[in-house]
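The values are calculated or read from the model by the stated rules, or taken from the named source; none is laboratory data. Quick caveat, the model's predicted, so the values are computed rather than measured. Quick reminder, even Gly has a Cβ in these numbers, built from the backbone with ideal geometry, and neighbours come from all protein chains shown. For the accessible areas, the whole protein counts, side chains as well, though only heavy atoms, and no ligand, DNA or RNA atoms are used. Shrake-Rupley method; radii C 1.70, N 1.55, O 1.52, S 1.80 Å.
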Amino acid sequence: MRRPRTILITLSALLAASLTTIAAPANAQQAAEPNQVTNVTVRQADGYATLAWQPVDGATDYQIERTLVDAAGTPTGTPTIVGVWRPNRQINQQSPTFADAGFNPGDRFSWRVRARTGTTEQPYSAPVVGTTTSPWGNPETPGEQLRTQWETTRAAQYTSDTDEYAYTAAIDQLSDRVRVVEIGRTVLNRPINMFVIGYPTPPATPAAVAATSPVAINCNVHGNEPGDREACLIMARQLAFSTDQRTIDLLSHTTVLIVPTINGDGRAANTRGNSTGQDLNRDYSLIRQPETAAYVRMIREYRPIAGYDGHEFGNSRAGDLPMLPPRHQNVAQSIFDESQDMIEGHMYGKGAVDGWWPCPYGCEGGGNVGLSEETILRNTLGLKNVVNSLLELRSSGGQTRPDEGNAANNRRRKTFSALWTFQQFLDYHRAHVGDINQARAEAIEFQAANTGRLVFRGSRPIPAHPAPHPGDSPPPIDAPPANLILDNAPCAYKLTEEQYRGARTDGPGGAGTTVADRIAAHGWKVVKTGDGYYVPLNQPERGLIPLLLDGQGVENLTDGERIYPTLTGQRTGALTVTGFTCAAGATIAGPVTVRPGAALVTTGTTITGPVNATGAAGVMLADSKVTGPVRITGTTDAVSLIDVTVAGPVELSANRTGTDTPLLVGNRVTGPLACDGNTPAPINLNIPNTVTGPRTGQCATL
């Protein structure tokens, strides 16, 4: 487990950063009165100002006052308490900070801070004065001068769909770093656009993007929660035109994918659901709606390794930025741990430096939130081996931000706190991309091994982190009941023709895509033999497959038939595979031949002898060992080798698997690896194979 180490490192860095942040100026005020706050500093950033000060012994909390001033520092507005700092805001109590937000960027203010002991107010500090940072981008520079409708109206209006399209198209036109692609359409035929951003130009194809270990941000799934969307539009402009070294370095090493509005119909109507009333964040596994299907296809094609999903939270007692990793118990441990590292080891520490209040989703008085439904994007992504987090923006100012009865102030605080989070997410990815890729590789190999129980609903616990911690009420335990646990996982699910290709009525207007279409959108391998369609579990998204295809699933697509291994234990002599054969934990001493139209699926199996498949329906080997050559040619449905050790040559040739891409992932081959004439060409999911012999043809770079 890396998390304890990561947190210690972060806290060490935090202490150094905090000491720098609150260093007193040369003319720092000395306490003139008992319990008076001293050493107040202000540091400006995009849409917020970080106040820091020397703590007062015995203080219960602190109030932050802001006053509009002119260039000479003379007050031109009414002093207003805009913030309250409490100990549960941050993990570092010795260096209190507060991110003041809600003001109009570019205005000039004076700030004071005072301590309170219980309800007793102590003297204010001496004032500090500063001019806040103007909206990003030089108004005289093409591209940089672009502004959203939200910005031009000073947060009086959110950006409309038509203004979003115009703004998006302008960035696309003016920046070589940006390509805008349409990943789908809403029910009402609005485009779902995605920024693809890289330096000096974005990679040309989804596969090329996938090779850069990309990140993805989903900005607006609930139409009436638009704060994250405005942040995404601003960040897209910054990434498209910034010339600072941090941005250039970031985009030189990865690709940033931003979907500003997946729910365009809901945003236009200011409704939570889409035009059919469907909560899209309860549909990412089932993909009944075109919007969610578009996003799931994007994940399959572009393969982001990390993601954030933006929302707003109606609990006024919560922190500024409630966050939560994928909790479903079928999510691989490595993905859960790395997601928690991102939140606890990075966001909490950086929040303490900059004055924001990240906390576990729920925070104070959070209620029954943050559970295990696989239909929710954070859980769906985790089950797809993507390190990720939910982001909630507290939708009202609450007790710690008392000046947000002004709607524009509230909107600005939400948007700029989201912008801070997304930028921190990009920084975390840049610094930890190796760890993220390692977690992903471990998860894929774990899932493909098809080991351990299956949980149909149930969450990993999220403890309140750590004392003193940001928030007292993490989400509930949500432990799986016994009737939603399957200890004896099957090898595959078998579907009939009607189950697989039959008409559905669970989509918009009573129509729906078939199970076959949805499985293809998810990217799962399916093998057809004479008596049905088989979906093996020895593939990367093993934890999600049963939730949709098992009759025990809480929100499934169909009740598939569980198929258990047909070959276990010791077997000596030649094995000829006809029909569908599943080997699990088997030891086979002898050659293996897969006949035309047949399928072989293995996990935890050792084969001593050659494996030959010509014209097979499918060959899917995982977590297995073969001593001898492996030759797979002319396969019609699925080819997959994941975490397989082969003492001998491996040859893949003339496999025609339609839209299904052969996988060669994390294998160890003692001998040559040759691939030729496969359609599509094999890929390694960015998890390279170890090969001692020459790699040739389509496998030259795998």
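Round to a whole number: what % of the accessible area of the chain belongs to carbon and sulfur, probe 1.4 Å?
It is 52 percent, rounded to a whole number.
Quick one: if you take sqrt(5λ) for each eigenvalue of the C-alpha gyration tensor of region 121-249, what semi-axes come out, biggest first, whole angstrom?
One finds semi-axes of 30, 20, 16 Å for region 121-249.
Classify region 177-302 as rounded, prolate or oblate from the Cα gyration tensor: take a ≥ b ≥ c as the square roots of its eigenvalues, call it rounded if a/c is under 1.5, otherwise prolate when a/b beats b/c and oblate if not.
Cα axes put region 177-302 in the prolate bin.
Antiparallel DSSP bridges in the chain: what percent, to the nearest 5?
Around 40 percent of the beta bridges assigned by DSSP in the chain are antiparallel ones.
In Å², what does the accessible area per residue of the chain work out to with a 1.4 Å probe?
34
List the lysines whose Cα lies under 30 Å from the Cα of residue 528, skipping any in the same chain that are fewer than 8 positions away.
384, 494, 625
Could you pull out every one of the aspartates and glutamates with an alpha carbon less than 18 Å from that of residue 350, ignoring same-chain neighbours closer than 8 positions?
Filter leaves 46, 100, 320, 338, 341, 392, 427.
Cα atoms only: what Rg and Dmax, in Å, come out for region 495-620?
Here Rg and the maximum Cα pair distance are 16.4, 57 Å.
How would you classify region 106-146 from its alpha-carbon gyration tensor, with a ≥ b ≥ c the square roots of the eigenvalues: rounded for a/c under 1.5, else prolate if a/b is greater than b/c, otherwise oblate?
Because a/c hits 1.5 or more and a/b exceeds b/c, region 106-146 counts as prolate.
Report ³J(HN,Hα) in whole Hz for each residue of region 555-570, in order, from the Karplus equation J = 6.51 cos²θ - 1.76 cosθ + 1.60 where θ = phi - 60°; Gly and Pro get x.
10, 9, 8, 7, 9, x, 8, 6, 10, 9, x, 9, 9, 9, x, 8
Using per-residue counts of other Cβ atoms within 10 Å, averaged over each peptide, order 631-643, 479-491, 581-593, 558-570 from highest down.
The densest-packed peptide leads the list: 631-643, 581-593, 558-570, 479-491.
Calculate the translational D of region 394-546 in whole µm² s⁻¹ from Stokes-Einstein, where the hydrodynamic radius comes from the Kirkwood formula applied to all Cα pairs, the temperature is 25 °C and the viscosity 0.890 mPa s.
Once the numbers are plugged in, D ends up at 120 µm²/s.
If I model region 127-189 as equal point scatterers sitting on the Cα atoms and use the Debye formula, what is log10 I(q)/I(0) at q = 0.18, 0.22 Å⁻¹?
Relative scattering, expressed as log10 I(q)/I(0), comes to -0.82, -1.05.
If I take all pairs of Cα atoms in region 575-702, what percentage of them are more than 18 Å from each other?
Every Cα pair in region 575-702 considered, those over 18 Å come to 45 percent.
For region 225-367, just list the percent of Cα-Cα distances falling in each 5 Å bin from zero outward, please.
Binned Cα distances yield the sequence 2, 8, 13, 17, 23, 20, 13, 5, 1, 0.
Would you mind classifying region 274-335 by shape? Square roots of the alpha carbon gyration tensor eigenvalues, ordered a ≥ b ≥ c; an a/c under 1.5 is rounded, otherwise it is prolate if a/b is larger than b/c and oblate if not.
oblate
Using a 1.4 Å probe, how large is the accessible area of residue 85, given in Å² and rounded to the nearest 10?
The accessible area comes out at roughly 10 Å².
Based on alpha-carbon centroids, what's the gap between region 278-355 and region 92-140 in Å, whole number please?
30
Report the normalised scattering of region 472-535 as log10 I(q)/I(0) at q = 0.19, 0.21 Å⁻¹, calculated by the Debye formula with identical scatterers on the alpha carbons.
-0.87, -0.92
Aspartates and glutamates near residue 525 by alpha-carbon distance under 14 Å, same-chain residues fewer than 8 away left out - which ones?
517, 541, 637, 660
As a test of the formula, what do you get for the chain when each DSSP H run with n ≥ 4 contributes -39,500 (n - 2.57) and the sum is divided by the residue count, at 222 nm and rounded to the nearest 500 deg cm²/dmol?
It comes out at -7000 deg cm²/dmol, rounded to the nearest 500.
In a shell of Cβ-Cβ distance under 14 Å around residue 584, excluding residue 584 itself, what net charge do Lys and Arg (+1) and Asp and Glu (-1) give?
Residues close to residue 584 contribute a combined charge of +3.
Could you estimate the translational diffusion coefficient of the chain from the Stokes-Einstein equation, with Rh from the Kirkwood formula over C-alpha pairs, at 37 °C and 0.692 mPa s, in whole µm²/s?
122
Provide the net charge surrounding residue 174, with neighbours chosen by a C-beta distance below 12 Å and charges set as Lys +1, Arg +1, Asp -1, Glu -1.
-1
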